[in-house]
Structures are given as C-alpha cells and as structure tokens.
Amino acid sequence: MQSPAAFHQPQKSNQDKINKITTKNKEDVRLHDLTAADLLSLAKVLRENKSIKSIKLTIKADEIPFPEHALKEVFDTIQNNPQLKILAISFTLCENFGDIGAVLFADFIRQNKNIIGSDLTRTNLGNKGVAALAEALKVNTSMKSINISWNDGFDDQGLTHIIDMCKVNTTLECCFLDKNLGITDAGVTQLAEVMQTREKKIDFHISERHNISPGVVSQLEAACKSEAPRP
C-alpha cells in the first residue's frame, strides 16, 4: 500500500504557473506572493499574450524593497500590447501595495482604455494613493467600477479628491468605500451633496460603522438615486 506521501503533488511555483499562461490560453490569471523576478517573468509573457481578460495579483509580503520597477514593467507591457484587452485587475489583500502601488496603477489607468474594473480592497492605501487614483479617474474613460474598501490609511482628505473626481468623471458607475475607518460623517456628507447635483449618478457603497452614522449613509444612498435638479 502506498503511503500518503506518494499521492502528494508538489506545489507549483509561480514561475511554473507563469510559463503555462500562454500555452493554455488562460483568460483569468491569479498569482499570489509574487517576487520582483516573478513580476518580470509575467511581464515577459504578457508581451505576446492576447487571451487574458482579468488578472489578480498579490506581492510577497517580505519583498523588500517593494518591487516598484517590476510592477511598472507589468503595467507598461499591458499598455504597450495592443492585442491584450485586459478588462479587470485586482490587488485584493496585497497589503504591501500601498501608495507606491496605487501611484503606479494610477499612471497606468490614466492612459489605459480597456480596464473596466479594479479591486484594491485591503491594500493599505493612504491619502497620497487615493489622490493619485482620483486624479487618474478624471481622465480615464473606461473604468466602470473600483473598490477601495478596508483601507484605513486614508481619511476625509483623501475622500476630498474622490469628491473632486466626481465633478469631472462621466463614466464611473460604482465605487466601494466600505469600512474605511478614516472617513467621517463630514466627508460623506460632502460626497452626498455633490452626488445630489450630479446628473449621471455613481453608486457609492459605504457601510454603517462607528465612524459613519446611519443617517449619513442613508443621505448618500438617497443622493445616488435621486434626479439632479434641472437648471
């Protein structure tokens, strides 16, 4: 009788997974705990790829310093491959992404015309990162949905940049702001006031928590559904 060890399948490395992306014509790619070398290998594969539609990545927590150059190489490769039409990018739970990653991603979506959704939940965004994303969304014309929930590093100062973005962007349809402890009633009230006057609404999702009162959440929800006053 064979021992349990005989049935054990060795875990594939990220390099193995990356090498098989093109041969299997994958549309959905999920890679976790990536190193700088892994990101550069991914960028190399993406240069000739035309099948991938969505990517979910996390970067190895102890990858110090943050592999800024390698991540930029991934974004640049996606942007420079006209046959690659990636629609969604996620860095959910990539807690070392932070403002450095957000600024890089903002530079990417400022130019990209294919991405329609991104998820940056629990990526340790701060005011600088949120400001960069908001500025990029002022000129981006493809993004329909963005999730920046569970990021306690930004507060009403960061939310101010999102509010300013709402005055300019005409294509974003949904934005998740759930469970961001730095946001207060004052900031959400200002957001509701802007949404009240906006003709094309953005569906903002924000949860009641000890920093946001139920009445203010209801005010925002109503503003996102109401008709803008006619001139």
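Read-outs throughout are calculated quantities, based only on the coordinates presented, and are distinct from any laboratory measurement. Quantities reported herein were computed from a predicted structural model and do not represent experimental measurements. Note: ideal-geometry Cβ built from the backbone for every residue, glycine included; neighbour counts use all protein chains shown.
Overview of values
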quantity	calculated
Mean shadow area of the chain, taken as a quarter of the surface of its Cα convex hull (nm²)	15.7
Segment 21-86 - percent relative contact order, Cα under 8 Å, separation 6 or more	43
Under 14 Å, Cβ to Cβ, from Q15 - net charge with Lys/Arg +1 and Asp/Glu -1	+2
Candidate lysines - alpha carbon under 24 Å from K85, same-chain residues fewer than 8 apart omitted	K17, K20, K24, K26, K44, K50, K53, K56, K72, K113, K138, K144
Dipole magnitude (debye, nearest 20) for the chain, charges at Cβ of Lys, Arg, Asp, Glu	1020
Estimated distance in nm for a label pair at T171 and E95, the labels positioned 7 Å out from Cα along Cα-to-Cβ	3.4
Cα centroid separation - segment 137-154 against segment 98-116, whole Å	10
Between 0 and 90°, nearest 10: helix 127-137 axis offset from the chain longest Cα axis	90
Within-12-Å neighbourhood charge of D203 [Cβ basis; K, R +1; D, E -1]	+3
Ranked I116, I21, I109, criterion: other C-beta atoms within 10 Å, fewest first	I116, I21, I109
Degrees between helix 68-80 axis and first principal axis of the chain (Cα, 0 to 90, nearest 10)	80
Exposure proxy ranking, count of Cβ atoms within 10 Å, fewest first, for C94, C174	C174, C94
Net charge over other residues, Cβ less than 9 angstrom from the Cβ of S90 (K, R count +1; D, E count -1)	+1
Listed peptides 52-60, 201-209 by packing density, highest first (mean Cβ within 10 Å)	52-60, 201-209
Degrees separating the helix 36-46 axis from the principal Cα axis of the chain, which is the longest one	90
Separation of the L87 and K20 label points, Cα + 7 Å toward Cβ, nm	2.5
Charge dipole (segment 87-231, unit charges on Cβ, about Cα centre) - positive-most of A106, G126, Q219	A106
MRE, 222 nm, helices only [DSSP H, n ≥ 4, -39500 (n - 2.57), over the chain, to nearest 500]	-11500 deg cm²/dmol
